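Enquirer: Quick one: structure below, then a few questions.
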Amino acid sequence: MPTSLTEQRHLDGLAAASEVLARHARAAGLHAPVPTCAGWTVRDLLAHQGTVHRWATATLRGAQVDTAALEATGLAEVDPVMWLESGAAELISTLRTVPADVVAPVFLKDPPAPRAFWARRQCHETTIHAADATSAVLGRPPSELDFPIGADLAADGIDELLTGFLPRSRSGVHSERPVTLVIAPGDRDEWWQVAIGAGPATTMRHAGTPVADGDWIVRGTAAELYLRLWHRLDLVEDAGAWPPGWHENFRITWN
């Protein structure tokens, strides 16, 4: 479903997250490990995000890019933070200037129009990787207190995950018997009911008081649930709150 937030809100979120990512990358140092991305250093994180920004820009412009070559460039940059910043600036400029009816590929279920889709997708992509850079500074996964995010943006990111990513067959979330998962932020009016069975999961968006029953009911602030759904909190501590296999099988991929 098309997002309820404006493109300007997503552009503001993208710009803010890019700034936090760059600032925390500098503070942590290029060789620092990223606790929320096993095996990555800050340099790897910057190369990945800078590549994704450039890929999104090319997609909006109708161009093709070699993402492997782009990532290799990012890894080899003398100043990969500056490389990230230049790619983010170019993406934001492109999102501001391409026509509202631009024709470009999108890859989630029930997406908004391409320009709005890419503003939203890159806002949340960059926000989550800014949380990763925060984890590199802290030496552990960040809490919602370490990484504040507006409840409106967090709820929008939850919605994108549950209605856009999760229903795709490649998400990998299945159950031999039908079960229901309820995601209920305490600081927002909206909540989500996820039906999980043998086929792709389905998500229904609701407003008002959440239902009192469900096989699993996960509560918290929108910001906390956003980080939990993106697997950015401590997974050992978090595991019992979710259907079996949720963290292992919910795969979030580019396309």
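Enquirer: Starting with the fewest neighbours, write out Val65, Val194 ranked by other beta-carbon atoms found within 10 Å of each beta-carbon.
Expert: Val65, Val194
Enquirer: Can you sort Cys37, Cys123 by how many other beta carbons sit within 10 Å, fewest first?
Expert: Taking fewest neighbouring Cβ atoms as first place, the list is Cys37, Cys123.
Enquirer: Quick one: helix 7-28 against the long Cα principal axis of the chain, what's the angle to the nearest 10°, folded into 0 to 90?
Expert: Here the helix axis deviates by roughly 70 degrees.
Enquirer: Springs between alpha-carbon atoms under 10 Å, Gaussian network over the chain: tell me which of Leu161, Leu70, Leu225 tops the mean-square fluctuations.
Expert: Looking only at Leu161, Leu70, Leu225, the largest GNM fluctuation is found for Leu70.
Enquirer: Top mean-square fluctuation among Pro185, Pro148, Pro35, Gaussian network model of the chain, C-alpha springs under 10 Å?
Expert: Of Pro185, Pro148, Pro35, the Gaussian network model singles out Pro148 as fluctuating most.
Enquirer: Tell me which GluC sites (Glu not before Pro) from segment 58-107 have a DSSP coil assignment and no more than 14 other beta carbons within 10 Å of their own.
Expert: Here no GluC sites (Glu not before Pro) fit, given the DSSP loop and packing criteria.
Enquirer: Please compute the contact order of segment 7-138 in relative form: average sequence separation of alpha-carbon pairs under 8 Å and at least six residues apart, divided by the residue count, as a percent.
Expert: About 43 percent, as a whole number.
Enquirer: Would you tally the net charge around Asp110, using a Cβ to Cβ cut-off of less than 15 Å, leaving Asp110 out, and scoring K and R as +1, D and E as -1?
Expert: Here the charged neighbours net out to +2.
Enquirer: Based on DSSP H runs of at least 4 residues, each adding -39500 (n - 2.57), what is the mean residue ellipticity at 222 nm of the chain after dividing by all its residues, to the nearest 500 deg cm²/dmol?
Expert: Calculated mean residue ellipticity at 222 nm is -15000 deg cm²/dmol.
Enquirer: Then there is this: Express the relative contact order of segment 88-146 as a whole percentage, based on alpha carbon pairs under 8 Å and six or more residues apart in sequence.
Expert: 21
Enquirer: Quickly work out the Ala38-to-Ala113 label distance, labels modelled 7 Å from Cα along the C-beta direction, and quote it in nm with one decimal.
Expert: Roughly 4.3 nm, to one decimal.
Enquirer: Let me ask you something else. How would you classify segment 153-249 from its alpha-carbon gyration tensor, with a ≥ b ≥ c the square roots of the eigenvalues: rounded for a/c under 1.5, else prolate if a/b is greater than b/c, otherwise oblate?
Expert: Judged from the Cα gyration tensor, segment 153-249 comes out rounded (a/c under 1.5).
Enquirer: Sticking with this structure for a sec: Measure nothing but the geometry: give the 0 to 90° angle between the long axis through the Cα atoms of 80-97 and the longest principal axis through the Cα atoms of the chain, rounded to 10°.
Expert: Tilt relative to the chain: about 70 degrees.
Enquirer: Another question, if that's okay. Can you give the relative contact order of the chain as a percent, counting alpha carbon pairs under 8 Å and 6+ residues apart?
Expert: Relative contact order comes out at 20 percent.
Enquirer: A follow-up question, please. Using Cα centres only, tell me the gap between segment 49-119 and segment 136-152 in whole Å.
Expert: 25
Enquirer: Where does each of Val78, Val98, Val103 land when they are ranked from fewest to most other beta-carbon atoms within 10 angstrom?
Expert: The fewest-first ordering by Cβ neighbours comes to Val78, Val103, Val98.
Enquirer: Something else about it: Between Asp152 and Ala76, what is 0.36 nm times their sequence separation minus the Cα-Cα distance? Round to one decimal in nm.
Expert: Extending this stretch completely gives an extra 23.7 nm.
Enquirer: Let me ask something else about it. Have a look at Pro99, Ala38, Leu60 and report the one farthest towards the positive end of the charge dipole of segment 1-106, computed about the Cα centre with Cβ charges (Lys/Arg +1, Asp/Glu -1).
Expert: Ala38
Enquirer: Which FRET efficiency, nearest 0.05, do Ala207 and Glu248 yield, Cβ-Cβ r, R0 25 Å?
Expert: 0.20
Enquirer: Give me a comma-separated list of calculated 3J(HN,Hα) values for segment 54-65, in order, Karplus coefficients 6.51, -1.76, 1.60 applied at θ = phi - 60°, integers in Hz, x for any Gly or Pro.
Expert: Couplings: 5, 5, 4, 4, 4, 4, 5, 8, x, 10, 10, 9 Hz.
Read-outs throughout are calculated quantities, based only on the coordinates presented, and are distinct from any laboratory measurement. Here the structure is a predicted model, which means the values were calculated and not measured. A quick note on method: Cβ atoms are made from the backbone with ideal geometry, for glycine too, and the neighbour counts reach across all protein chains shown.
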